[in-house]
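Have a look at this one before I ask anything.
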Amino acid sequence: WELPAFVRAQQAYRAQSYAVQKSLEQSTLDRLMRLMFAEDGRVSELQVPDLNKLTLGKVRQAVAAQLRPQDLEINLVGDFAGKTHGKASAQVEGGLSTGKHHEEGGEAEAEDEEVPAAAVERRLRELDENLWKYLGSVPQSEVPKADIGRAPVISRGPELTPEARQRTAHLEDTDERAVANIGGGAPNRWGRGDVYHTECMKAKGFSWNTANSQLKDHPLYPSMCLMAVREVMNTRLFSTVRDSLGLSYDCNFELSMFDRLEAGWYTCTVSAHPSRISEAVQAAKQVVQGVRKRPISDHEVRTACRTLLRRHETDLQTNEYWISLLTHLQYDNPKDTTCVRDIERMLTSLNWRDVHNAYLTLLTDADQLFVSVSTAGPGSSYISGGAAPASVSTSMPKEVVDVN
């Protein structure tokens with residue numbers, strides 16, 4: 001824990017905060033998050049005044065309470081039974097030849113030789129022994145565990161005025177462009193939302209117990225349904241707002257899909273010319289809310305599931321995706337090994353009733369939608385409800401640091 005390193009990190013985050021203010025896309029999304037979660041700053045970008053309040057002692061205490069050795073989850077992903085390529089590399093287990101690219105008789109043909117099963121078993125055993133030998137040398141932390149289970153709660157839209165649910169801003173720039181974010185409440189990966197979301201679901205009598213569904217008892221059921229909803233919404237937004245109406249350059253729909261926090265949100269992003277951004281926002285709202293009048297079809301579900309299945313098969317080739325599948329398996333949550341094993345079976349078995357029922361978990365009423373619109377072009381910068389700086393410097397101001 002070195003003070004110079006802390007000061008450098010603080011300066012880096014200040015630079016990031018200034019950059020967010022100057023970015024049309026990032027500042028628009030940040031304002032949306034502040035509208036939706038006005039009481040919780042954890043979901044929005046860092047502010048310079050908050051960074052200035054930090055000290056090395058405060059940071060050390062917070063980090064130590066969250067990164068305790070006894071709470072760590074360890075997942076290993078690798079090609080433990082991989083192939084060695086070439087005669088030279090076959091002589092050294094796990095090694096790659098950096099020389100002898102050519103033999104006297106010409107270019108050597110690469111040979112694929114399977115690593116013997118005994119060698120694979122020995123490598124895994126050595127890895128396991130070394131891993132636990134290291135973990136055994138790390139003492140438990142005596143610092144009390146931080147409360148990281150407190151979920152952010154979305155603002156109660158019906159209690160706010162229409163003006164309080166929308167924010168408009170303009171950034172001075174040489175290029176004319178505009179972007180808008182529409183957002184609202186949603187459940188997490190396991191179908192659970194925050195306090196307000198739970199109240200709304202109870203009021204409308206929602207249940208994940210879809211009639212005649214063969215998959216409803218699987219822990220992965222809410223997650224797969226929500227992912228299919230995301231694909232269907234993306235298809236509808238693109239075909240309607242961009243292709244049919246020609247109002248947007250691009251549009252997309254995303255879900256937060258938390259694993260551990262019982263909270264979540266969705267965001268719909270629309271990019272357009274400043275003269276048409278208002279029309280694009282209204283069209284996107286109609287698409288988001290229109291599923292109740294135009295239910296999701298079985299054809300849309302099949303298309304969405306095929307897209308998700310192809311993406312899943314491609315991502316299985318990367319270690320990062322495997323790590324994401326294994327993450328949180330060791331925690332107390334609905335996730336178990338079936339959530340890794342049954343992904344393909346779930347995607348090939350979903351029907352329109354499953355997906356349409358999942359759409360009902362999104363808070364899409366008119367008074368539950370939050371909108372952030374930003375334009376860029378000539379003219380002074382502003383934010384509705386307050387003035388935005390006309391220009392922001394990303395250079396760090398000089399400061400005196402007390403090292404005592």
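Rule-based calculations on the coordinates, nothing more; no lab input. These numbers were taken from a predicted model, which means no experiment stands behind them. For neighbour counting, all protein chains shown are included, and Cβ atoms are generated from backbone atoms with ideal geometry for every residue, glycine included.
Could you work out how far apart the two model spin labels at Arg306 and Arg150 are, taking each label as a point 7 Å from the Cα in the direction of the beta carbon, and quote it in nm?
Simple spin-label model gives 4.8 nm for this pair.
As a check on your grasp of the helix formula, calculate [θ] at 222 nm for the chain: sum -39500 (n - 2.57) over DSSP H runs of n ≥ 4, divide by the residue count, round to the nearest 500.
Taking each H run of at least 4 residues, the total per residue is -12000 deg cm²/dmol.
Given Ala376, Ser324, Leu131, which one lies farthest toward the positive end of the charge dipole of the chain, if we put +1 on the Cβ of every Lys and Arg and -1 on the Cβ of every Asp and Glu?
Of the options given, the answer is Ala376.
Expressed as an acute angle from 0 to 90° and rounded to the nearest 10, what is the orientation of the C-alpha long axis of helix 56-66 relative to the principal long axis of the chain?
Helix 56-66 sits roughly 70 degrees off the main axis of the chain.
If you average the sequence gap of Cα pairs under 8 Å that are 6 or more apart and divide by the length of segment 222-327, what percent do you get for the contact order?
24
Return the distance in nm (one decimal) between the two label points of a simple spin-label model at Arg345 and Glu25, each offset 7 Å from Cα along Cα→Cβ.
3.9
Label Arg125 and Leu316 with points 7 Å out from Cα along Cα→Cβ: what is the distance between them in nm?
About 3.0 nm, to one decimal.
How about segment 1-86: which GluC sites (Glu not before Pro) there lie in a loop by DSSP and see at most 11 other Cβ atoms within 10 Å?
Those satisfying the criteria are Glu2, Glu39, Glu73.
Rounded to a whole number, what is D in µm²/s for segment 279-319 from Stokes-Einstein with the Kirkwood radius over alpha-carbon pairs (25 °C, 0.890 mPa s)?
196
Here is a further query. Which of Lys22/Lys285; Lys133/Lys335; Lys293/Lys335; Lys22/Lys293 have a Cα-Cα distance over 30 Å?
Among Lys22/Lys285; Lys133/Lys335; Lys293/Lys335; Lys22/Lys293, the Cα-Cα distance tops 30 Å for Lys293/Lys335; Lys22/Lys293.
Rounding to the nearest 20 debye, state how big the charge dipole of the chain is about its Cα centre with +1 on each Lys and Arg Cβ and -1 on each Asp and Glu Cβ.
It works out to roughly 1520 debye.
Something else: Could you tell me the distance between the Cα centroids of segment 351-384 and segment 300-324, to the nearest Å?
Centre-to-centre (Cα) distance: 26 Å.
Using r as the Cβ-Cβ distance of Leu360 and Asp336, and R0 as 22 Å, what FRET efficiency do you calculate, to the nearest 0.05?
After rounding to 0.05, the efficiency reads 0.25.
Could you calculate, for segment 235-393, the ratio of the Cα radius of gyration to the Kirkwood radius, expressed as Rg to Rh?
We get a ratio of 1.03 for segment 235-393.
Dividing the alpha-carbon Rg of the chain by 2.2 N^0.38 Å yields what?
1.20
Express the relative contact order of the chain as a whole percentage, based on alpha carbon pairs under 8 Å and six or more residues apart in sequence.
26
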